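The values are calculated or read from the model by the stated rules, or taken from the named source; none is laboratory data. Please read these numbers as outputs of a predicted model, since none were measured by experiment. In this analysis, Cβ positions are derived from the backbone assuming ideal geometry, glycine residues included, and neighbour counts consider all displayed protein chains.
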Amino acid sequence: MNLKFPEIPVIHRQSLPNIWDAIALALIIGLFVAIAHGAHGVNAPLKALDATPINLDYTFLPYYAMRTTLRMFAALFFSFVFTFTYATLAAKSRRAEMVMIPILDVLQSVPVLGFLSFTVTFFLNLFPGSVLGAECAAVFAIFTSQAWNMAFSFYQSLSTVPKDLDEVARGFRLSAWQKFWRLETPYAMPSLVWNTMMSMSGGWFFIVASEAITVGETTVKLPGIGSYIAVAIDEKNVQAIIYASLMMLIVILLYDQLLFRPVVAWAAKFRVELSAGQTVERSWVLNMFQRTRWIKIAFSPVGWLARQFARPRLQFLPAKAPTLTTSPAVSRMFDYLFFAALAVITGYSIWQIYLFVSQSLNMSDVWETFSVTLLTMIRVVVLIFLATAFWVPVGVWIGLRPHIAEKVQPVAQFLAAYPANILFPIFVIVILKFSLNPDIWLSLLIIFGTQWYIVFNVIAGASAFPNDLKEAAANFRIHGWSWWKNVMLPGVFPYYFTGALTASGGSWNAAIVAEYVKWGDDKVVAHGIGAYIAQATEAGNYPKIVLGVAMMSLFVILFNRLFWRPLFGLAERKLRLN
Amino acid sequence: MPAPAPLLEVKAVCQNYRKGSGEEGHLVLDHVSMNLSSGEIVGLLGRSGCGKSSLLRIVAGLVAPSDGEVIYQGKQLTGAAEGVAMVFQSFALFPWLSVLKNVELGLEALNVPEIEARKRALKAIDLIGLDGFESAYPKELSGGMRQRVGFARALVVNPNILLMDEPFSALDVLTAETLRTDLLDLWVEGRMPIKSILMVTHNIEEAVLMCDRIIILSSNPGRIAAEIKVNLQHPRNRLDPQFRQLVDTIYARMTQRAEPAKPQQKDGAFPGLGLGMSLPRVSTNTFSGFLEAVAAPPFNGRADLPHIADELTMEIDELFPVAETLQLLRFAEIEEGDIKLTDDGKRFAEMDTDQRKKLFGEHLVQYVPLAARIRTVLDERPTHRASAVRFREELEDYMSEEYADVTLRSVTNWGRFGELFAYDETAEMFSLEDPN
């Protein structure tokens, strides 16, 4: 490897720092200060938490927000590590793929929030007496909400790398390491960035739920917005709830503007389409950094380091001759061994689960979880249906008016990212005040945060609807129901399904926090699997948690496989416009 | 004087399509042997499905042959070969890398130090006429400029052999011609570091314009049908009578039936017999338009294939399937590189749509066994319905899944046009009745 010092880009006569340099510098320094400030205290002993309880004074909120955000990014870091290893292995090894991808698929549908109690116990035992354990548990909870779909998108990209680009890489004999950084990762970038963005939205939801955790007798309140809200709920402090939701608003706005807009705009260059893109993603932050002079030069060693990182012909495995393939018979024998091992492990795990659950539970418990899960499912279905009936016409109306869509679209995306559970207490106050039926009115919370996925996807679909088809419909005077049935609905359906699928998944998860809500000492409980799991968690009844989560996972998986997937396939086949 | 050892030898190479189940399927290349010597441009000419692109990838070491071997620099090739660089039909540029970075990519794999890599890349960019575009991204460039990047990227690694997979076929006519001339100039003047070029093409004129030797591959399975030496001096003139003569010869050679001796076996243009005949995808509108064009002046029922290809701006990949399907349907006959309409072909050209449909349907049932088969099954069944799956499976006994699919789709569309049967795409069902 050539280890000469990087060439400093020639500084032309425009070498003076400009205004952009000043702004960018301020932002960078601010970031460092914030990280230093926020990271302080992560390693403190657990008792320190009790010494400095959460303070509901709003001046503490920026600090709590900082802590929460740092946890978020820590989780994001681990999600990337997981994505790059797990997905790569799955894409490169046929046998690994056969197990790893279904696992990923299941993990995607499991309501991980239900397992919070297990992970908390595990991590607290891992770092006894230290805040680090609780921090890890929180980070892990967020990780589980982010990692799966990122890994899935990365895996999908790796398996669909364009054939000709792959041939170029092989033809030039790039090593696996070089090929990974030069071809596979860049190719996967746009969809990975998009999925990361979606993951972050899910993460905010989880973080609020995972910072203040009560499992049986253990109560941990990590400094953060989630704990702030938990304390506010305990003390019935409406004002604090409002402060917290405003703080969250600011945090999400900042991370969106300062981080994700620039990254999305930057990732656009990795799109494999040789014609100039139709929609240009813009970001004032990215533009600003691209216009700086000194900052750009100061960062050039970073770019150089990144290049050196991708350059060497690192070879972790001996280069196998690509032409040499093992004989089918031998390969098939390995397959049999592999499947046999897999069957044994699977059988053993099912047996263990059975033993664990059957210690204290019997068939009537199974029946109970089944019936409450059914109730939750009805809730999810009805609410998705209501949201659809309301938002599809509204979304189409907005999408067909570009100047309105332009303004509404970022708001809808923003609302999807906003952790709706912050606002739950406000609903509870209303429900308590008017003595409303929790089985009906708590249900609204399930869809409250997730309906926006339907909204912005329908808007996107209607905006992308081909102009010539619109004109043809107008020309043939297609009106009313016929227009919806034959023109617009088929056009937006593929988009709608994408949104509805995400909304449905999110709603199941939301059920765990939405069916059992507290306000001080008052509890509002709806009948459903969410409430079942939440109550079991509070009581520290592990067998019940396992049974509840298993039943819910089963429902979610079947619901996806038997309902969404076939529908989605239908939309893909018949209704795609290109 | 003994001939110098060839740069690269291909020895009895066979290639099978692998079916989904892993078992060996349909044969793509059948014992192909050829070699490549210093100082020559060799063209692989054939229609789609003759395995010419597979052969090129085997030579590049990107794909392993099922049988046979490739000898390069005295050794058997077992992986991507060093000193062999490829230019792609689709350009295959990395959209996220600038022109310069795209060109430097191959050097990075060779561990060339950064500074030297930059120097060599700039030289290659300069040679290929791209200076000024170094920092541009592929999506900012026109097709011709993109392919120049493809060439620069291949040349910068100083390859012995340059492989080209239909490098000009994605470009418009003018751009393609400019690029060909530029490349030939560099080659003739010896300004490129390469020793030999192997190119795949389906354009006969392009092959005659550029190559010293043309290897014609027959389709299904790909075999070497002929080898033609081109002894014309560069720069070659397309209007030169010798040039025209060579083009005509190749047309005649490529449309010659595989076994002309057997008189009854007139379907010889397509591989397979009876039900197992693999048919190309041609639209019925193309049939009609083509028959009309041949019937009209200046052809008046008989056309020279190169001439009509030029007139209708059809590549041989489009022309041959049309001509040969018309021959199968007895609307035309091909002989010595000419196409001649039969009486029915002439009548067809003058008919209105309804009459055409009727006549087409009659010929289809009579001469295309698969169409007859579908119709018979439908007639015999009391429900008059039959699933497409059974016919596809029947076809797969004779050909690869891909070909079976194309064949069934073609016959389905022809049958719909000839009103032999109706087809429901979602249910994958043939039936006799039309939707009311």
Quiz prompt | Meets criteria (surrounded by fewer than 17 Cβ atoms within 10 Å (Cβ to Cβ), assigned by TED's automatic domain parsing to the domain that holds A:Val220 and either outside any helix (DSSP H, G or I) or not acidic (Asp, Glu) (or both)) for A:Thr59 | solution = yes
Quiz prompt | Count of residues meeting criterion [within 11 Å of B:Pro138 (Cα to Cα) and either at the interface with chain A (Cβ under 7 Å from one of its Cβ atoms) or surrounded by fewer than 23 Cβ atoms within 10 Å (Cβ to Cβ) (or both)] in the stretch B:102-113 | solution = 0
Practice problem: Could you tell me whether the stretch A:285-298 includes any residue that is closer than 30 Å to A:Tyr58 by Cα, at pLDDT 70 or above and either surrounded by 14 or more Cβ atoms within 10 Å (Cβ to Cβ) or outside the structural domain of A:Ile426 (by TED's automatic domain parsing) (or both)? | Solution: yes
Quiz item: Counting only residues that are within 23 Å of B:Ile224 (Cβ to Cβ) and surrounded by fewer than 23 Cβ atoms within 10 Å (Cβ to Cβ), how many does the stretch B:164-195 have?
Solution: 3
Quiz item: Taking the stated definitions as given, is B:Arg281 assigned to a loop (DSSP other than H, G, I, E, B) and under 18 Å from the mean Cα position of the chain (by Cα)?
Solution: yes
Practice problem: Within the stretch B:59-72, track down each residue that is in contact (Cβ under 8 Å) with a residue 60 or more places away in the chain and not in a strand (DSSP E or B). | Solution: B:Val59, B:Ala60
Quiz item: Just one of the numbered conditions (1) buried (at least 17 other Cβ atoms within 10 Å of the Cβ); (2) more than 29 Å from B:Lys123 (Cα to Cα); (3) touching a strand residue (DSSP E or B) at 6+ places or on another chain (Cβ under 8 Å) is not true of B:Ser219; which one?
Solution: (3)
Practice problem: For A:Leu383, indicate whether it is more than 17 Å from A:Ala510 (Cβ to Cβ) and surrounded by 14 or more Cβ atoms within 10 Å (Cβ to Cβ). | Solution: no
Quiz item: For the stretch A:418-445, what are the residues that are surrounded by fewer than 22 Cβ atoms within 10 Å (Cβ to Cβ) and among the small types (Gly, Ala, Ser)?
Solution: A:Ser435
Quiz prompt | Tally, over the stretch B:308-320, of residues that are buried (at least 17 other Cβ atoms within 10 Å of the Cβ), assigned to a helix (DSSP H, G or I) and without any contact (Cβ under 8 Å) to a residue 60 or more places away in the chain | solution = 4
Self-check item: Number of positions in the stretch A:452-496 that are more than 23 Å from A:Leu570 (Cβ to Cβ) and buried (at least 22 other Cβ atoms within 10 Å of the Cβ)
Solution: 1
Self-check item: Elements of type helices (runs of 4 or more DSSP H) contained in the stretch A:116-192, each with 2 or more residues being within 14 Å of another protein chain (Cβ to nearest Cβ) and crowded, with 19+ Cβ neighbours inside 10 Å
Solution: A:163-171, A:176-179
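Here's the yes/no breakdown for (1) out of contact with any Gly (no Cβ under 7 Å at 6 or more places or on another chain); (2) surrounded by 19 or more Cβ atoms within 10 Å (Cβ to Cβ); (3) within 7 Å of another protein chain (Cβ to nearest Cβ); (4) at pLDDT 90 or above:
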| site | (1), (2), (3), (4) |
| --- | --- |
| B:Ile58 | yes, yes, no, yes |
| B:Ile71 | yes, no, no, yes |
| B:Lys75 | yes, no, no, no |
| B:Thr78 | yes, no, yes, no |
| B:Phe94 | yes, yes, yes, no |
Exercise. Answer yes if at least one residue in the stretch B:384-401 is farther than 16 Å from B:Met277 by Cβ and within 14 Å of chain A (Cβ to nearest Cβ), and no otherwise.
Key: no
Quiz item: Regarding B:Ser288, is this residue among the hydroxyl-bearing types (Ser, Thr, Tyr), at pLDDT 90 or above and within 22 Å of the chain's Cα centre (by Cα)?
Solution: no
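In the stretch B:114-143, what residues are of a type in the set (Asp, Glu), surrounded by 15 or more Cβ atoms within 10 Å (Cβ to Cβ) and either more than 10 Å from chain A (Cβ to nearest Cβ) or at positive phi (or both)?
Selection gives B:Glu134 alone.
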Quiz item: Which pairs do you get when a residue that is within 15 Å of B:Glu40 (Cβ to Cβ), found in the stretch B:176-202, comes within reach of a residue that is part of a helix (DSSP H, G or I) and of a type in the set (Asp, Glu), reach meaning Cβ atoms under 9 angstrom, with the pair 6+ apart or on two chains?
Solution: B:Met199/B:Glu206
Quiz item: Does A:Ala416 fit the bill of being in contact with a Gly (Cβ under 9 Å, 6 or more places away or on another chain), within 23 Å of A:Ser199 (Cβ to Cβ) and not in a loop (DSSP other than H, G, I, E, B)?
Solution: yes
Quiz item: Is it true that some residue in the stretch A:212-222 is part of a helix (DSSP H, G or I) and over 23 Å from A:Gln290 (Cα atoms)?
Solution: no
Quiz item: Here are some conditions: (1) closer than 20 Å to A:Pro111 by Cβ; (2) without any contact (Cβ under 8 Å) to a residue 40 or more places away in the chain. A:Trp508 meets all but one. Which one does it not meet?
Solution: (2)
